[in-house]
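Written out below as structure tokens is the structure these notes cover.
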Amino acid sequence: MSEVVAYTRQGSIGVISVNYPPVNALSHAVRTGLVAALKQGQNDVEVDTLLLVCEGRTFIAGADIREFGKLPKDPSLPDVINAYEKSDKPIVAAIHGTALGGGLELALGCDYRVALKSAKLGFPEVKLGLIPGAGGTQRLPRLVGAYKALEMITSGDFISAEDALAQGIIDFIGDDDAIHITGLAYAQKLSKENSPVRRVRDINHKIEIDKESDVFDQFRAKLEKKSRGLFSPFKCVDAIEAAFTLSFTDGLKRERELFKECMESFQRDGLIHSFFAEREASKVKGLSKNTPIREIKRVGIIGAGTMGGGIAMNFANIGIPTTIVDVQQEALKHGIEVIRRNYDSSAKKGGLTVEQVEERMRLINTSLSYEALYDVDLVIEAVFENMAIKKEIFSKLDEVCKPGTILATNTSTLNIDEIASATQRPEDVVGMHFFSPANVMKLVENVRGTKTSDEVKATVMAVARKINKVGVMVGNCYGFVGNRMLHQRGTEAIALVNEGATPQQVDKVLTDFGFPMGQFAMSDLAGIDVGYRIRKERRNAGEMVPIGWLDKLAEQGRFGQKTQAGVYKYNAGSRVPFVDSEVEQLIEAFRKEQGIIPREITDQEILERCVYVMVNEGAKILEEGIADRSLDIDVVWIYGYGFPAYLGGPMFWAEQIGLNNILESVRGYSKTVGGKQWKPAQLLENLVAEGGKFKEL
Ligand SMILES: NC(=O)c1ccc[n+]([C@@H]2O[C@H](COP(=O)([O-])OP(=O)(O)OC[C@H]3O[C@@H](n4cnc5c(N)ncnc54)[C@H](O)[C@@H]3O)[C@@H](O)[C@H]2O)c1
């Protein structure tokens, strides 16, 4: 008998149990064991019904990631599942924990399915650039119909056992905590009733109902918006559609072909990198796994503006009481109104119940006094981007907060060490840089100061996880990782317009590349005044920061979406940008004033100058140790700025383009455009000279 799959007998039931920790992944050993155990069950004359169940914390949670990239060995998963489906004794799959990907496909190859209430089911393949390739796209729609199958398979999201029961994916939910008891009881019932096999492949009534429907085209249109640029969600639709237009056997063949197309797509490499990079980023280099983590039971937020309100929602969402402090009653009132509007809108879309909205609103309190924060465990400051104000606030927090409170700042650019110097406890000071809208965007760029303690670093990483965000630990410098690179892209984008491009041309190149929005649409969203104020601060501090056409827009009160006019203009209540001839005139006047004769600029130049400049800066960030690994930079860009995950993040993408090609262009722009952003990073030079890679550092 295989070590990882056992066969035992319990009366008339043959029990096949998988024991391959941690998640019973479908390794070669498990696949072989499954086939052997099935054969035993088939040959066992004492049993008339089989039960498939898993040991440990979960049912089979998918493919074995340790076998990724290796040559597949027989038996293949489709062979295993087809063998289970062919069994002449009915098989019950008993699900606890998570039945994911291949695990769920195997369960669908069984005749009956039961689950514990806490179980979750899903097809996450799409997130790795694939489609379910072992019959999932053909069997699931036979149980749930076209729409639900499309939704589940193209989103990759999990569903609850209750939902699965309602949809007909499972037949029964067990109350007992022990999956063996639930599974065995159900199998015994079937055995007693002489229940026959019930193969999913033969269930056809939902196929008949949806056969003529136009749901597939509708879904494709929906995906054009939601999954723009992605390859595999559309292949999922094609495969599911095949379940409605072809026989079961031909449908399986079609699924296989589409699966292979996905395997060969370049997007798969990018998505796999993104997936593992996210997991790796949670492990901070040099931080021991045993570092104690402080318990966060209450949170304080300073500033009820754009960021403060969104940040507060993250904590209320997981049941943590949060107090927002602001200096203006009006700001608090407005902040709370915005929070309520956001929650109400989620409730309207069905994401939250009215009770949940009220519960969350009850968890958010406001105050005009810092004293209200005397017993919080974590404070996140989110007031104007101004060093003097921030230092004053941190010195007050130092007075009022209990010992051990983590004092975090949401600053986008300012020096964490200088902010920490306003306190007597710099070891408790750290950056927690959220992205706008803070209740939505997944990234938290955690910034370590020179004196930040390991305990504080470990805690802020844990906090990010707890509020369902992706935390990345980075070092302290102007703009940290994300904004420092964005700043270089912004400088180039502005310069390209100076030289002759239009803002909409620059934006289009970036959205065609795969970014969710262009540089200037993004400035309008974030508020042109934010950057304007930062540049003004730098000028006040004596830095040479020339006044550009964007500053001139800000001086006219064109702050972006909030004033319905920025680089683009907007209709009231709408986020749809329109080109504004006034801006074109302003840019033209600016060029004249500067003596610039505009030239034709190619899309390729725009792409290189906007994205290569980021890669060059990323290499400097690595060289300086601001980011520990290139994957940290990739994760920041994927989750903070919507860099397409299928391209793997800027540093991964650069390696696909070829670091030598990037360096050659950087050297070229260093001559033609100039500026320190085009000075080639030493690291880039070294890697190209040695034939090395970022990820090998
Ligand atoms: N807006 C963004 O996209 C974004 C993204 C990431 C980080 N940030 C950073 O977050 C911080 C806040 O930005 P925002 O856009 O939310 O600003 P905002 O202008 O929307 O809100 C700032 C709030 O702070 C309050 N405030 C000012 N001084 C205060 C004080 N001494 N004590 C208490 N409250 C005070 C103001 O009344 C206002 O309500 C800044 O450091 C900014 O750089 C902003």
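The values are calculated or read from the model by the stated rules, or taken from the named source; none is laboratory data. If you're wondering where the values come from, they're calculated on a predicted model, not measured in any experiment. Quick reminder, even Gly has a Cβ in these numbers, built from the backbone with ideal geometry, and neighbours come from all protein chains shown. Accessible surface is based on the protein model in full, side chains and every heavy atom, while ligands, DNA and RNA are left aside. Shrake-Rupley method; radii C 1.70, N 1.55, O 1.52, S 1.80 Å.
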Which of the following residues is open to solvent by less than 30 Å² (accessible area, probe 1.4 Å) and either of a type outside the set (Ser, Thr, Tyr) or not in a helix (DSSP H, G or I) (or both): 165, 150? 150
Out of the residues in segment 484-527 that are over 21 Å from residue 676 (Cβ atoms) and polar (S, T, N, Q), state the one that is surrounded by the most Cβ atoms within 10 Å (Cβ to Cβ). 523
Would you confirm whether or not segment 359-368 contains a residue that is within 13 Å of the ligand (Cβ to nearest atom), modelled with pLDDT of 95 or more, open to solvent by 20 Å² or more (accessible area, probe 1.4 Å) and under 30 Å from the mean Cα position of the chain (by Cα)? no
Considering segment 402-439, residues that are open to solvent by 50 Å² or more (accessible area, probe 1.4 Å) and within 12 Å of the ligand (Cβ to nearest atom), and then whichever is farthest from residue 483 (Cα to Cα), we arrive at 437
Give the residues of segment 76-96 that are surrounded by fewer than 17 Cβ atoms within 10 Å (Cβ to Cβ) and part of a loop (DSSP other than H, G, I, E, B), sorted by residue number. 76, 88
Among the candidates 626, 601, 596, 621, which residue alone is in contact with a Cys (Cβ under 9 Å, 6 or more places away or on another chain) and surrounded by fewer than 23 Cβ atoms within 10 Å (Cβ to Cβ)? 626
Neighbours by Cβ (under 6 Å, 6+ apart or cross-chain): first from segment 613-635, in a helix (DSSP H, G or I); second open to solvent by 10 Å² or more (accessible area, probe 1.4 Å) and basic (Lys, Arg): 630/695
Condition met for residue 296 (at pLDDT 95 or above, out of contact with any strand residue (DSSP E or B) (no Cβ under 7 Å at 6 or more places or on another chain), away from the ligand (no atom under 16 Å from the Cβ) and among the hydrophobic types (A, V, I, L, M, F, W, C)): no
Residue identified as under 21 Å from residue 161 (Cα atoms) and hydroxyl-bearing (Ser, Thr, Tyr) among 32, 58: 58
Of all residues in segment 564-593, which are assigned to a helix (DSSP H, G or I) and either under 30 Å from the mean Cα position of the chain (by Cα) or touching a residue at least 24 places away in the same chain (Cβ under 8 Å) (or both)? 583, 584, 586, 587, 590, 591
By residue number, the members of segment 374-401 that are touching a Leu at 6+ places or on another chain (Cβ under 7 Å) and either within 13 Å of the ligand (Cβ to nearest atom) or of a type in the set (Asp, Glu) (or both) are 379, 385, 387, 390, 394, 397, 400
Specify which of the listed residues (241, 255, 261, 280) is part of a helix (DSSP H, G or I) and crowded, with 24+ Cβ neighbours inside 10 Å. 255
